[in-house]
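Down below is the structure, laid out as C-alpha cells.
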Amino acid sequence: MDVTVPGDGLPVPADVRTVFRDLPRPVVAVCPGFLAYRRWGFFPWVSERLALAGFHVVTISFSHSGTDDGTGMITRPDEFAVNTVSTELSDLIRVLRWIGSDTFPLPAAPARGLFGHSRGGSVSILAAGSFPEVRSIVTWSTPSRLDRYTDRRKRAWKRTGALEFSDSRSPVPLRLDYSYYEDIDENRERYDPLKAGAALEIPHLVVHGERDAAVSIREAKAFSGLPGGGKRRLEVIKGCGHTFGVTHPMSTPSPALEKATGLTVEWFASTLGGV
C-alpha cells in the first residue's frame, strides 16, 4: 500500500505492508539512513519479512530525501540539501502519531516497534522515548554520535555554506547545507543518541556488521553497554560492512542480511507480542 503520511510540510511517503489487513497487529515503523529511501536495497525485502511474521509494517522515506520513489534517483537536490536531524525527527513523530490515529488504514494493536538503519537508527532512538506505545527498538549500523566531522571540515563547511559530494543516484553533485551541522550543534544535548538510548526503558537490539567502515563497531558496543534501562543485546554479523553485503538495487539477499533480518524478526516477535 503506497501512502502519504498526512501532515504539514513536504510529503512523507510510506509503503504499508501486512498479511492481516483486518486484524489488530503490532506496527513496526522502518526508517532508512542517509542517502537511502523506503525502496533502497534491502528495505522492501526486510519489510516484507516483517509483514510475513505478522506485523503491520510502515516503511518511510524522509520528507527531504529528494528521491523519486519510482526511479530511485535523487531528483530534488535542493530538498536534500536542506535536510536536518530536526526534520527527520519531526517526520518520524508525524508517522508515529498517524499510526495511532483514526486515519491509519489498518487496525493497530497497542504496541509499536521502531527499526532504523544508520542515521535512521539514531533518529529512531531520539523519537522512541516520546511515545509510550513504542515498546521495542532495533537499530542496524547506527551512529552513537551525529557530529562526525573534523574541526577542519566544519570550518570549510561554514566558509562555503555546503558540503558537496557525488552519488551514483544523482545526475548532479549533491550538497548538504551548513544548516545541517548548525541543527546538530544547537541541539547537541537533545540529539545525543547515547544519552537518549540510556533513557529508554524498552528492549533494544543492536545489529552491526563486523567490517563496517562507516560506523565503528565501538559505537555499537557503546549502545549495548549503556547502564540501566531495558534489555539490550548486541549482535555482530561476521564478514560484512555497513549495508550487510547489499547494494542498490538488490537482486538477492546476502547471507549477512538474512542473518540480521532473522534476528530482527525474532526480537520483535519476542518483545512486541501478539504475533
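Observations on the model:
- Cα pair count fraction exceeding 31 Å, expressed as % - the chain: 21
- Segment 229-243 - phi-based ³J(HN,Hα) in whole Hz, Karplus 6.51/-1.76/1.60, Gly and Pro as x: x, x, 5, 10, 9, 9, 10, 9, 8, 5, x, 9, x, 5, 10
- In segment 138-236, the ratio of gyration radius to Kirkwood radius, Rg to Rh, stands at 1.05 when only Cα atoms are counted.
- Using alpha-carbon coordinates, inclination of helix 85-99 to the longest axis of the chain, degrees: 20
- Other residues lying with their Cβ under 13 Å from the Cβ of D8 contribute a combined charge of +1, Lys and Arg counting +1, Asp and Glu -1.
- Overall, the anisotropy analysis places segment 81-182 in the prolate class: the square-rooted eigenvalues a ≥ b ≥ c of its C-alpha gyration tensor yield a/c not less than 1.5, with a/b exceeding b/c.
- Efficiency of FRET between F20 and T71 - r from beta-carbon atoms, R0 22 angstrom, step 0.05: 0.10
- Taken about its Cα centre, the chain carries a charge dipole of roughly 760 debye when the Cβ of each Lys and Arg holds +1 and the Cβ of each Asp and Glu holds -1.
- Dipole of the chain computed with +1 at Lys/Arg Cβ and -1 at Asp/Glu Cβ about the Cα centre; of V123, P105, A260, farthest Cα towards the positive end is A260.
- Choice from P13, P255, P32 with maximal GNM fluctuation in the chain (Cα, 10 Å cutoff): P255
- Computed over the alpha carbons of segment 1-144, Rg followed by Dmax gives 13.9, 41 Å.
- For the chain, a Gaussian network of Cα nodes joined below 10 Å ranks S166, S124, S216 by mean-square fluctuation, and the top entry is S166.
- Low-density loop positions, GluC sites (Glu not before Pro), segment 210-266 - DSSP coil, at most 16 other Cβ in 10 Å: E210
- For the chain, built as a Gaussian network whose Cα springs stay under 10 Å, the top-fluctuating residue of R169, R152, R233: R152
- Note on segment 61-103: percent of Cα-Cα distances in each 5 Å bin, starting at 0 and stopping at the bin with the largest distance, equals 5, 23, 22, 19, 17, 10, 3.
None of the figures in this text is laboratory data; all of them are computed from the coordinates on show. Predicted model only: the values in this text are computed from it and were never measured. With ideal geometry, Cβ positions are generated from the backbone for all residues, glycine too; neighbour counts draw on all protein chains shown.
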